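Okay, so here's the structure we're looking at.
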């Protein structure tokens, strides 16, 4: 009977692990709570109307339709029994394993303030990307109907919390939407006057990047109308805006903004915490599991933890980028394949850092590639090429390339539809409706008297 390999998660790490086992004499079961793989680095473009959801996501069954030793199951893994060697799904089903690869990824962390999630959506799923797109586009629609300057200004204020790559990309994209895409679409407002605020507790934007690239990114953001507030902490978020405070606690600042987006920190899901408990695995302060040199949990050579959930045994975290998960997934798959074939073990995992990059706008990006610092058009070209090549499906590569070409020539974003039922905070209240009526009411015209008759006949 073939060995059973269970992979939890269909992200970058899970996909690479399954592919590495394509020719191995094993049966692979990949379990994910969604039926699709998301190309996370381009999810912000769904949120800002550049791409449709189907262009950055691919059905998992379609990806593995030709890999006969792999089956895909839709379900959420909620428990694991290391002694019995099986995983348990939310519906109670259990699946045995000889080797388990946990690539479940992370989730957005609100640092103990889960109530903020209602008013400041994060960007981890297609659903959240669509919600953000609704919030951005709806804000301009509401502002068009308001006459009160203060109310209009609040709806035209966009705050992004977190100045890492995701926050920078969102801020740059919103800047282009306001200054270019929507510039001539409205009659009562000027979208280019929108206030875009990027905030972070770190002293500069893009903290993981070298300082020179951070400075160049900040200059590009400024040209797009993005205002940056670094070295400040978020103390409160509600439906009307948020409260900021410097680290020294000296005073607070209230920002009235109806659109707050969360691009802050990440945390581990509940399953990762449970896995650590079941296996007595050590974790770092963020909850990530410390793995051995071969990416297995100490004392459990049959359990691999890869991607964003893993950190080195020395406590040094891996970078939270797709390349890490991809390399770790390939490595874990090869380790299992060699074990099954009773071949010599692989040397310890070593991450090959190809660099980091972030796009800011049209022909604007920063990149640290093999230690070479690039900015502007060269960095943007490299970013575009890499992201197109890493898309899973060929048809997605073609469509994305064509859409980018059209967008760069016209600034038109083709996926700007507001569809489905909007969240409750989008609804117009009666006060807004009354303001709208006053704003759109036709101005009274002065009465004009008919000219006196001269009595002449025509």
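Looking at region 102-114, is at least one residue surrounded by fewer than 23 Cβ atoms within 10 Å (Cβ to Cβ), over 21 Å from residue 288 (Cα atoms) and either in contact (Cβ under 8 Å) with a residue 12 or more places away in the chain or in contact with a strand residue (DSSP E or B) (Cβ under 8 Å, 6 or more places away or on another chain) (or both)? The answer is no, given that none of the residues of region 102-114 is surrounded by fewer than 23 Cβ atoms within 10 Å (Cβ to Cβ), over 21 Å from residue 288 (Cα atoms) and either in contact (Cβ under 8 Å) with a residue 12 or more places away in the chain or in contact with a strand residue (DSSP E or B) (Cβ under 8 Å, 6 or more places away or on another chain) (or both).
Of the numbered criteria (1) within 15 Å of residue 9 (Cβ to Cβ); (2) modelled with pLDDT under 95, the one residue 328 fails is (2).
Just one of the listed residues (35, 86) is in contact with a helix residue (DSSP H, G or I) (Cβ under 7 Å, 6 or more places away or on another chain) and either without any contact (Cβ under 8 Å) to a residue 24 or more places away in the chain or surrounded by fewer than 16 Cβ atoms within 10 Å (Cβ to Cβ) (or both), and it is 35. Residues that are under 13 Å from residue 60 (Cα atoms) and surrounded by fewer than 23 Cβ atoms within 10 Å (Cβ to Cβ) were ranked within region 17-30; the one that is nearest to the chain's Cα centre (by Cα) is 19. Take the conditions free of Cβ contacts under 8 Å to residues at least 60 places away in the same chain and either surrounded by fewer than 19 Cβ atoms within 10 Å (Cβ to Cβ) or touching a helix residue (DSSP H, G or I) at 6+ places or on another chain (Cβ under 8 Å) (or both) and apply them to residue 386. Does it pass? Yes: the conditions hold for residue 386.
Quickly run through region 149-165 and pick out the residues that are in contact with a helix residue (DSSP H, G or I) (Cβ under 6 Å, 6 or more places away or on another chain) and either surrounded by fewer than 23 Cβ atoms within 10 Å (Cβ to Cβ) or not in a loop (DSSP other than H, G, I, E, B) (or both). 152, 155, 158, 160, listed by residue number.
Of the numbered criteria (1) more than 23 Å from the chain's Cα centre (by Cα); (2) within 28 Å of residue 108 (Cβ to Cβ), the one residue 169 fails is (1).
The values are calculated or read from the model by the stated rules, or taken from the named source; none is laboratory data. None of the values given here were measured: they were computed from a predicted structure. Note: ideal-geometry Cβ built from the backbone for every residue, glycine included; neighbour counts use all protein chains shown.
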